[in-house]
Amino acid sequence: MKISGEKSAPGAGAPRQWALLTYFAPFLFGACADLDIVNTNAPTAEELTGTPTRLVLERAARGIFAQTFTDVGTEIQFYAIYGREGYNLLGNDPRETDEQIRGPQDPTGRNSGIWLGPYSAIRTIHTYLAALPKAGGLTDEERRAAAGFAKTFKAWHLYRVAIRTGEYGIPIDVDRPITAEPAPFVPFSEAMRTVSALLDEAYADLLAGGASFPFAMAPGYTGFSTPASFARFNRALAAKVLVHRATFNNCQPCWAQAAAALDASFLTVSGLPGSLANGVFFAYSTATGEPTNPISEPLSSDRLWVHPSILTGVQLRADGSPDLRLTRKVMAAGRSKTLEGLTGTHKPILYNSPTSPASANLGAPIPLINNEELILLRAEVRWHTGDRGGAIDDINLIRQHAGGLPPTGLTPASPTDAFITELLYNRLYSLMWQQGTRWIDARRYNRLQTLPRDRPGDVVFSSMIVPAGECAARGLPAPCRPLGG
């Protein structure tokens, strides 16, 4: 696929508030990865680029919210496989036990994923941003608020693709006519700098955005429904990106910038342990036509399994029982499943019914980012900016309140390598089956060699390769490296 140009923008039907079905239904029934498909319930490109009304802009904003769900389940599952958080042993697709674990990576197969969806969402956002200055019935403050909202999600989608592709780079300048040449690839570090700059631009817009957005917020954003509170969500994402730039790209100033972003985010140590769950979520539902949780499944399913190393690597509480994060999120299946030399005995249940963990809960939310992650990000920042005691305090907060564990044995005199080991342990058990934490962390701290290889010939990939369509659009044979090398 050639990623460039603006052709149409998916939207929603008649305005309704609060209920997820009425908020997203027209997208779920009418939206498509090919944005040339006509959705008669959606605002057209002509409506948005002409003189759009407030109602048209509200419908388009719902499209931006709806597209945040794209590829969430795929991303969690793929990254879990790459990082050995777990396996898919259903057996209906050999790529899950072959291509994604042994290679070679196929640019027309699984390794073409998690690309079209984010760029389609970015195209929608470009059309929306172009429409804002022309919209009738909006105040200047509302325009700034809406722009800050849209730019925040554009930055998040760019970040997702950048992390996916790593050293191969990604196209950034995709806001161009459909007839133009494909956008050039830029290096990973430049892509991540662009993400940070866009988040900062969005933050400035949000701070100038007045008291309210010119649209209803989607479910999953409780506590972040005004420009000022959404700005704290923006700063949480900014801090995460800056920490990843510091480690992936050796950006030393990024540590101090991340500390400032965390100070302006929603991070809190009040109300623990309950406040660990504060954050923004993908709000799933079981109502007809609504997006359902893509990871939750009954214990009887053969699809998703926890990697055995998650079980053997767990730390123990003072009474000898496992870290509470394991017991809350993982359950013995009562049987084993072996496929192509890979074996699972336990399944992820973190999104299952809290009263019946063997049963699926398709309405369970998935965190986009939460306070537990922010405290761990602050621990990382504090260690790398000289506040080693504060870093250990943050680690101990998570160990105590999330895991029920005793304090770490780290001291301010401990070597950095020991701190990273302890940090990554806590990030794995706090964030498992949420965002591919184990794979991403191993990459950014050069620890891919520590991840398990269960069979002779298995490999751990450092990134996903460029999809074949992007190679073809640039006259390159697939697999390709558009940046050369």
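Each value in this text was obtained by applying a stated rule to the coordinates, not by laboratory testing. This structure is a prediction, so every number in the text was calculated from the model and none was measured. Here the Cβ is made from the backbone with ideal geometry for all residues, glycine too, and neighbour counts use every protein chain on show.
Worth a mention:
- Dividing the summed -39500 (n - 2.57) terms of all DSSP H runs of n ≥ 4 by the residue count of the chain sets its mean residue ellipticity at 222 nm at -13000 deg cm²/dmol.
- Net charge in the neighbourhood of Asn278 (other residues with Cβ under 11 Å of its Cβ; Lys, Arg +1, Asp, Glu -1) is -1.
- With Cα atoms, 0 to 90° folded angle of helix 188-207 axis to the chain main axis: 60 degrees
- Placing R0 at 25 angstrom, the Cβ-Cβ distance between Ser270 and Ser225 gives a FRET efficiency of 0.75 after rounding to 0.05.
- Computed from Cα atoms, the angle from the helix 20-30 axis to the main principal axis of the chain rounds to 70 degrees.
- Computed over neighbours whose Cβ is under 15 Å from that of Pro357, the net charge equals +3, Lys and Arg +1, Asp and Glu -1.
- For Rg and Dmax of the Cα atoms in Å, calculated from these coordinates, the label among (i) 22.1, 67; (ii) 28.8, 93; (iii) 23.8, 78: (i)
- For region 286-336 versus region 358-426, the gap between their alpha-carbon centres in whole angstrom: 20 Å
- For region 226-266, the convex hull spanned by the alpha carbon atoms encloses 44 Å³ per residue.
- From least to most packed, judged by other beta carbons within 10 angstrom and beginning with the fewest, Leu132, Leu483, Leu431 follow the order Leu483, Leu132, Leu431.
- Counting only alpha carbon atoms, the long axis of helix 140-165 and the longest principal axis of the chain meet at about 50°.
- At q = 0.11, 0.20, 0.23 Å⁻¹, base-10 log of I(q)/I(0) for region 163-249 (Debye sum, equal scatterers on each alpha carbon): -0.43, -0.97, -1.04
- Point-to-point label distance, Ser414-Thr286, nm (Cα→Cβ direction, 7 Å offset): 4.2 nm
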